[in-house]
Amino acid sequence: MRKSASEKTQSQALVTRRSLLVGGLQVGLVGALGARMHFLQVQQSDQFRFLAEENRIKVSLLPPARGQIFDRTGRVLAENIQSYRITVTREDAGDIDETIAKLSQLVELDPALLADALEQMQKRRGDVPITVADKVSWEELSRVAANAPALPGVEPQVALSRHYTLGPDFTHVVGYVGPVSDYDLGRIEDPDPLLRLPRFQIGKTGLEARREANLRGKAGTQRVEVNASGREVRELDRVEGTKGSDVQLTIDHNLQNYVQARMGDDSAAAVVIDVQTGDLLAIGSAPAFDPNLFVNGISVADYKSLTEDDHRPLVAKSVQGTYPPGSTFKMVTALAALEAGIVTAEDTFRCVGHLDVSSQKFHCWKRGGHGNVNLIRSLRESCDVYYYELALQTGIENISAMARRLGLGERHDVPMSAVASGLAPTKDWKKRVKGEDWVLGDSVNASIGQGFVLASPLQLAVMTARIATGRAVEPRLIKTIDGEEQPTGAGEPLGLNENNLRQIRRGMFEVVNHSRGTARGSRSLSKETQIAGKTGTSQVISRRVKCAEVDWKQRDHALFVNFAPYDNPRIAVAVVVEHGCGGSTAAAPIARDITLQALYGDDPPLSEYPSGQRGRIRNQQKKLRALRPEPASKGSRA
Amino acid sequence: MSYLEYNIKFVPTGPRKFLYLNWPLALLLAAVASVGFLMLYSVAGGDISRWAEPQMKRFGVGFILMIFVAMVPIYFWRNISAVAYGVSLMLLVAVELFGDVGMGAQRWINLGFMRLQPSELMKITLVMLLAAYYDWLPLKKISHPLWVAIPVALILVPTALVLRQPDLGTAILLLTGGGALMFMAGVHWAYFLAVISSGVGLLVAVFESRGTTWQLLNNYQYKRIDTFLDPAADPLNAGYHITQSKIALGSGGWTGRGFMQGTQSRLNFLPEKHTDFIFTTLSEEFGFVGAITLLTLYALIIMFCISSALSNSNRYGQLLTLGIAMAFFLFFSVNMAMVMGLIPVVGVPLPLISYGGSAMLVLMIAFGLVQSAHVHKPR
């Protein structure tokens, strides 16, 4: 746009006026800044000079002691022990290489840790102390302290470090802590300043992670006088922080140890639950690993051996693993049919070894067939065809609803990592997730716990506890926090017909105690410990050859669930042995041993076992006794 | 204007341009930057390679860049103003989408060889575009509501984007800098009165909204305001910066504690001592005399800019120079006011002194534009 000369003059004048105005304002502001400087630096100088002197007082955060973790008997599972380390602060050290060289004459330096520390020093702010030697002995520490004047920026540090007294036994339940990583910091909005302390440990997995808020505690502060080079001269005062809350588990460490030891090197999981209160008495997952390895950072080789193991030791199979429940699901199908009034316990179906459903042949595990089968016999001998018939008449919606009522397909929020929710499939679910319509064959598969049905060992234990009591038992892992009792999981009555439940329990009793029961080999003899259970063998892939002849990875999962004593249930147990082939051969014996151990609170007498097994059991008891933890030196709760 | 005056005007061309550079201004910039090198050397505890050396290299590159920009005719810069603004706006959106996250705020784009802060670029390109806009707009339309709404939108869009990062400091600079340019261009003063009074209203709203569902600022921003109002309340965490910074400043006295003798800086009581809080180290070590000297250098830079602008009859060059001078003024005054506890901590670096690459380069480019306006003004 062309502008006239007069407009130009006019605008020039306007700009000049306005900019002189703004300029004047700027002069005023600069004057104000100068005045403020004068006020601070000249008038109040003495006061601030005094404060600067006082500023030789350094205020620092005191990390609180993390809450301890105990088992139900008061045995400590996770404690804090003192550990010594040596840090170097780059800004104070001056020549890093020279400092390290001097230090290495006093302390043995681990090259890997040192290389990491040097890298950290490049990356982090210069005033952050970086650890160059970890887990040093008291002697080495005092040698460094004695030579302190020659080592600027080098500081010996005492810190609390987590220690897991029972090592692998509780690794999946309690989890472990580790140094705060950048990833951790990134996930938290407005992180506690504590987390920025070097080497501060937070829960990474398991209860340690899920109950971080209870366990961490509150930081204290410490005021220390420092000299001109920043070295601490004396402590002036300190405000102690608040220790984290102590957490007591419902788990019994002796039983937990037995469970882990009994599973041994199998890839297995076992859950023991108190049916009256929902207390989890043991949650085992095998194989396990030593959580102490992770506390100060695990070596690459160790970590690799854990991740590459096909038995997956890092996974807490008890709550994270989900398996087709196989025949242990039959109680669900049966109860659903009974409650819906479709069959009575006396009604029989004829099993000829298979059933044809929509032109597809569904086999019973017993190819010759069972003949006429009623409810109790169907459970006792685990007839599949009986359940195919039930499924056709009851429908998947009823079966799924019953599964959920019994605690399958829903997540039980125990404070462990990645608790799985399993699956109780419905028509809707299949439509939504698979985009396909539900077919009759799916119901037939589901009736015997195959197909889409998935359950974790924890869920199977809850299911069994609910069958045993008729109440909506909820699992409880934490007994007390700071001595305060947590709500139990006894649960409300499920509203199931007691008569129907009694029939199911009778069937489970016969599975173990009847001469033709599938788990007869795993019975106990005395009246006080009678076991009622159900075997399960769930297919991993379809195959024609014998289970033991295929690759380990392709073998069937072995399952067993039971409660005991039969006439007055106290506990429920679920055992899953991955690729164990048969529920009756691989899982039931483990479940029986765990049940007896839990009921007796110690090794059961050999008289509980059928005479033919006693020799083998004696040896086994001896072997497992050797793996028991030492009795605690101080038995009482802190 | 008379025929005569048109006749005597000329614009230098070719290598002669070099002689017409605003050399006193360039010298002042170098002087301020040198103060910066000295301070960076000091806060690194006598280590030149840590901050001082990279900063010198950047200033060197920046200085060459400035001369290069100055040699390019001012009309070229005017013509690309809109494009420059558009590119910075796109970069700002890009940070929003895939920027790196540093210090809890999303501010950078990683170019591989350097990390670019588009918000830095925006401070300059916004001034360029507004200057070009008022160069083009006839004077009689200048206060028409529609022609006022356009620059307001041009200011508010990048401000909103920067606020989302969140970078309150830059947002305030864009808003005030842009507004000041509109004022100097001649928009009717009633608009500014209205904005200022509604701004006061908004301030009240910000405080009233705290804790309610329509809370206007982030909790950390409220915390900073709290800290500002009462730094003693939380001396360990949020108030730490201010309390320590004031102690460092105050303990400097008339002549300071001597080069590299500041205990506050030495003992690591000062946070961000090589970036936002570097002024405290200067004040501690060189005292009131040192601080006033720096303030005077800054004021001289502003004065040279304004005097160059007032004698410039090219409206674009004039407004551009005034706008950049205003932005520069805001930079250092906000930073100084912040470390002296006059305003809340908003995270604005001290121009030409604080350690930081993109801020330095962008600033030198800006002064390149000022130089270009100076060289190419009709004489």
### Query
For B:SER34 and A:ARG143, FRET efficiency with R0 = 45 Å and r from the beta-carbon atoms, rounded to 0.05?
0.45
### Summary
Taking the square root of 5λ for each eigenvalue of the C-alpha gyration tensor of the protein assembly as shown, the equivalent ellipsoid has semi-axes, largest first and in whole angstrom, of 75, 37, 23
### Query
Along the Cα-to-C-beta direction of B:ASN219, a point sits 7 Å from the Cα; which residues of the stretch A:181-212 have their amide N less than 11 Å from that point?
A:189-192
## Note on the structure
Here the relative contact order (percent) of the stretch A:253-625, from C-alpha pairs under 8 Å and at least 6 apart, is 20
### Query
Amide H to amide H, which residues 5 or more places from A:ILE130 or on other chains are under 5 Å from it, using H placed in the peptide plane?
A:VAL88, A:THR89, A:ARG90
### Task
Indicate the gyration tensor shape class of the stretch A:253-625 (rounded, prolate or oblate), computed on the Cα atoms with a ≥ b ≥ c the square roots of the eigenvalues: a/c under 1.5 is rounded; otherwise a/b larger than b/c is prolate and the rest oblate.
rounded
### Message
Return the unpartnered cysteines for chain A, using a Cβ-Cβ cut-off of under 4.7 Å.
### Response
A:CYS351, A:CYS364, A:CYS383
### Task
Could you pull out every residue, at least 5 positions away or on a different chain, whose amide H is within less than 5 Å of the one on A:ARG476? Hs are placed 1.01 Å off N in the peptide plane, and Pro or chain starts have none.
A:ASP279, A:LEU280
### Summary
Excluding residues fewer than 8 positions from B:LYS141 in its own chain, the aspartates and glutamates with Cα under 15 Å of it are A:GLU7
### Computed Rg/Rh of the stretch A:376-451, alpha carbon atoms with Kirkwood Rh
1.03
### Query
How about A:LYS434: which aspartates and glutamates have a C-alpha closer than 15 Å to its C-alpha, ignoring those fewer than 8 places off in the same chain?
A:ASP442
### Task
Note down the nm distance, to one decimal, between modelled labels 7 Å out along Cα→Cβ at A:ALA112 and at B:HIS188.
7.6
### Task
Enumerate the amide H contacts of A:VAL247 below 5 Å, restricted to partners 5 or more residues apart or on another chain; note that Pro and chain-start residues carry no placed amide H.
A:GLN68, A:ILE69, A:PHE70, A:ASP482
### Query
Using a ≥ b ≥ c from the Cα gyration tensor of the stretch A:492-613 (square roots of the eigenvalues), is it rounded, prolate or oblate, where a/c under 1.5 gives rounded and otherwise the larger of a/b and b/c decides, a/b for prolate?
oblate
### Query
Using r as the Cβ-Cβ distance of A:LYS135 and A:THR307, and R0 as 22 Å, what FRET efficiency do you calculate, to the nearest 0.05?
0.35
### Task
Return the lysines within reach of B:LYS140: Cα separation strictly under 24 angstrom, same-chain partners fewer than 8 residues apart disregarded; answer none if there are no such residues.
A:LYS3, A:LYS8
### Task
Kindly list the residues of the stretch B:54-83 that lie in the label zone of B:LEU300, defined by a backbone N under 17 Å from the point 7 Å along the Cα-to-C-beta vector.
none
### Message
Can you list which of the DSSP-assigned H helices in chain A have a Cα extent of 24 Å or more along the long axis and an average Kyte-Doolittle score of at least -1.0?
### Response
A:5-38
### Message
Under 20 °C and 1.002 mPa s, how fast does the stretch B:7-58 diffuse according to Stokes-Einstein, given a Kirkwood radius computed over C-alpha pairs? Answer in µm²/s, whole number.
### Response
160
### Tensor-based shape of the stretch B:156-205 (alpha-carbon gyration tensor, a/c under 1.5 rounded, otherwise prolate or oblate)
oblate
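Among the trypsin sites (Lys or Arg not before Pro) in the stretch A:371-441, which ones are in a DSSP loop with at most 15 other Cβ atoms within 10 Å of the Cβ? Mind listing them?
Taking the stretch A:371-441 and a limit of 15 other Cβ atoms within 10 Å, the loop trypsin sites (Lys or Arg not before Pro) found are A:ARG411.
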## Note on the structure
Note to self, chain B gives a 222 nm [θ] from helices alone (DSSP H runs n ≥ 4, -39500 (n - 2.57) apiece, / all residues, nearest 500) of -22000 deg cm²/dmol
### Message
Tell me which chymotrypsin sites (Phe, Trp or Tyr not before Pro) from the stretch B:113-160 have a DSSP coil assignment and no more than 16 other beta carbons within 10 Å of their own.
### Response
B:PHE113
## Note on the structure
For A:ALA101, placing the label point 7 angstrom along Cα-to-beta-carbon and taking the stretch A:133-150, residues whose amide nitrogen sits under 18 Å are A:150
### Query
So which of A:LYS135/A:LYS304; A:LYS304/A:LYS479; A:LYS317/A:LYS431 end up more than 26 Å apart, counting from Cα to Cα?
A:LYS304/A:LYS479; A:LYS317/A:LYS431
### Message
Using the Karplus curve 6.51 cos²θ - 1.76 cosθ + 1.60 with θ = phi - 60°, what ³J(HN,Hα) values do you get for each residue of the stretch B:285-300, in whole Hz, with x for Gly and Pro?
### Response
7, 10, x, 4, 4, x, 5, 5, 4, 5, 4, 5, 4, 4, 4, 5
## Note on the structure
D (µm²/s, integer) via Stokes-Einstein for the stretch A:58-249, Kirkwood Rh across alpha-carbon pairs, 4 °C, 1.567 mPa s: value 72
### Percent of alpha-carbon pairs separated by more than 32 Å within the stretch B:15-375
33
### Query
Hey, got a sec? Which GluC sites (Glu not before Pro) in the stretch A:338-415 land in a DSSP loop and have at most 16 other Cβ atoms within 10 Å?
A:GLU346, A:GLU410
### Summary
Correct semi-axes for the stretch A:1-99, from √(5λ) of the alpha-carbon gyration tensor and rounded to whole Å with the largest first, are 65, 26, 19
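Out of the DSSP beta bridges found with both residues in the stretch A:58-249, what percent are antiparallel (nearest 5)? All intermediate terms of the calculation are to be shown ahead of the outcome.
Values: 32 of 34 bridges.
Expressed as a percentage, antiparallel bridges in the stretch A:58-249 total about 95.
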#### Entry: Table column - 3J(HN,Hα) (Hz), the stretch A:194-200, Karplus curve with 6.51, -1.76, 1.60, x for Gly and Pro
3, 5, 8, 5, x, 6, 5
### Task
Report the label-to-label distance for A:LEU25 and B:ARG16 in nanometres (one decimal), using points 7 Å from each Cα along the Cα→Cβ vector.
4.0
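Read-outs: derived from the displayed coordinates by stated rules, not from any lab. Note that the coordinates shown come from a computational prediction; the quantities given were computed from them, not determined experimentally. Cβ: placed from backbone, ideal geometry, glycine included. Neighbour counts: every protein chain shown.
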